[in-house]
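Chemist: Below is one structure. I have some questions about it.
The values are calculated or read from the model by the stated rules, or taken from the named source; none is laboratory data. Keep in mind that what you see is a predicted model, and the values were worked out from it rather than measured. Virtual Cβ from ideal backbone geometry, glycine too; neighbours counted across all protein chains shown.
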Amino acid sequence: MNSNIKLQSFFFYIIIYLVTLNISFTAYGFNNSISGRVLDSVDKTPLPGVNIYLSGTTFGTATNNNGYYFIKNVPPGNYILVVSMIGYKVENKELNVTNGSKLENDFSLNRKTYELNPIEVKANRPRQWYKDLDIFLDHFLGTTSYSTSCKIENDFILDLKWNNDTLFASASEPLIVYNRALGYKIDCDLKAFFYDDKNELSWSDYNSYYSELKSTDSDEIEKWQENRLENFSTSLTYFLLWLKSHDEDDTEFLFRTFSKLIQSETYADASFHIFEKSFIKIDSTNGSYKLSFNKYLNVKDTKTKEQSFIKLLYNEITIDEFGYPIEKKPFIVYGFWSKAGLSNQLPKYYGIKDITSLNK
């Protein structure tokens, strides 16, 4: 009973803290929309049932019988609009949504040309393919406690190949991922993946669309909500929100800088210090801020004792009011945050849609 009370207090603290970050949690207050029509590029007929979504979010829809689509209540920000349908090539378009945006985007999809090579069933795959699959899953889904509850339904479509010391992965159709720890179905268009075995580094590029899993079990639904909040409280997005709002004597996160990457947890806490406000410059007009530091920033979460490293790829990056970088691939992360693969990823703007509904 005491443990349940402590858990409820913990989640209550997170909700209260997020509210103090001055985020507008009412997603339905955004008067921004994206609409258009999708046609076949050859005969110009409308295509019904085309999946259209903003990558990394729960914002998406499907075209109607006349090929039209409409996505509403979109928060301002930079997005990749993905247009996907089996049998057609995926289309992507970068969009910038600002307050009051009414964007119209039409698409003509090109049909895929398939090679006459049937997908080999898993039962006939060589042992090496299963070993390669394990490597892919460790680096794509991650190696945290949530990873074992995250499954790729159609992993048999993966093409896994080695080139010297590097493993490459590709998929002919979107991967269907079920995350039973966080309660999401994720449609994932894998654009690129490689794992450098020699240096033990991996990189992936994909577009993803999140939809809520359905359940009639109230305990399971409650567990999903608890896991989401707990996961968010240890995430990089939470940290980036914390940076602009914490008090000067707040020790939830501690810091130090290194001229080179040293992934070690043997240093005493005394070598860490409170974050320097000089690292950030807040824009009071829109809630964003600039983040700038040299070398590697070593971050320690004093709640979990986990450590991560951040290396900026620009001299300065911009973090929007919701805790998301404006730049593409703005930094490289190492340590704890680098272990969090797709199984630990929450949809973008989780703090707007999910926490609001939880707190109603």
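Chemist: When you scan region 121-184 for strands (runs of 3 or more DSSP E) that lie fully inside it, which ones turn up with 2 or more residues that are closer than 18 Å to Asp196 by Cβ and at pLDDT 95 or above? First the steps, then the outcome.
Modeler: Values: elements: 150-152, 158-163, 166-171, 175-179.
Once the strands (runs of 3 or more DSSP E) in region 121-184 are filtered for at least 2 residues that are closer than 18 Å to Asp196 by Cβ and at pLDDT 95 or above, what remains is 158-163, 166-171.
Chemist: How many residues are over 19 Å from Asp159 (Cα atoms), assigned to a strand (DSSP E or B) and among the charged types (D, E, K, R) if we restrict to region 189-228?
Modeler: Residues flagged as over 19 Å from Asp159 (Cα atoms), assigned to a strand (DSSP E or B) and among the charged types (D, E, K, R) within region 189-228 amount to 1.
Chemist: Condition test on Ala171, is it surrounded by fewer than 15 Cβ atoms within 10 Å (Cβ to Cβ) and closer than 21 Å to Ser55 by Cα?
Modeler: Considered against the rule, which asks whether it is surrounded by fewer than 15 Cβ atoms within 10 Å (Cβ to Cβ) and closer than 21 Å to Ser55 by Cα, Ala171 comes out as no.
Conditions (1) in contact with a strand residue (DSSP E or B) (Cβ under 9 Å, 6 or more places away or on another chain); (2) buried (at least 19 other Cβ atoms within 10 Å of the Cβ); (3) in contact (Cβ under 8 Å) with a residue 60 or more places away in the chain, marked per residue:
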| site | (1), (2), (3) |
| --- | --- |
| Asp40 | yes, no, yes |
| Pro48 | yes, no, no |
| Asn51 | yes, yes, yes |
| Thr57 | yes, yes, yes |
| Thr63 | yes, yes, no |
| Gly67 | yes, yes, no |
| Lys72 | yes, no, no |
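Chemist: For region 229-340, which strands (runs of 3 or more DSSP E) that fit wholly inside it have 3 or more residues that are over 19 Å from Gly142 (Cβ atoms)?
Modeler: In region 229-340, 253-258, 280-282, 289-291, 296-301, 317-319 are the strands (runs of 3 or more DSSP E) which contain 3 or more residues that are over 19 Å from Gly142 (Cβ atoms).
Results for (1) within 23 Å of Pro75 (Cβ to Cβ); (2) crowded, with 16+ Cβ neighbours inside 10 Å; (3) at pLDDT below 90, shown as yes or no for each residue.
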residue: His273; (1), (2), (3): no, no, yes
residue: Phe293; (1), (2), (3): no, yes, yes
residue: Thr302; (1), (2), (3): no, no, no
residue: Phe309; (1), (2), (3): no, yes, no
residue: Phe322; (1), (2), (3): yes, yes, yes
residue: Gly335; (1), (2), (3): no, yes, yes
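Chemist: Could you identify the single residue in Ser204, Ser245, Ser218 that is assigned by TED's automatic domain parsing to the domain that holds Ile157 and surrounded by fewer than 18 Cβ atoms within 10 Å (Cβ to Cβ)?
Modeler: Just a single option satisfies the conditions, and that option is Ser204.
Chemist: A follow-up question, please. Against the definition (at pLDDT below 90 and surrounded by fewer than 18 Cβ atoms within 10 Å (Cβ to Cβ)), how does Glu327 come out, yes or no?
Modeler: Details: at pLDDT below 90: yes; surrounded by fewer than 18 Cβ atoms within 10 Å (Cβ to Cβ): yes.
Yes; evaluated as a whole, the condition is true for this residue.
Chemist: Can you find, within region 141-159, the residue that is nearest to Leu175 (Cα to Cα) among those that are touching a strand residue (DSSP E or B) at 6+ places or on another chain (Cβ under 6 Å) and either crowded, with 21+ Cβ neighbours inside 10 Å or not assigned by TED's automatic domain parsing to the domain that holds Tyr178 (or both)?
Modeler: Going through the qualifying residues, I end up with Ile152.
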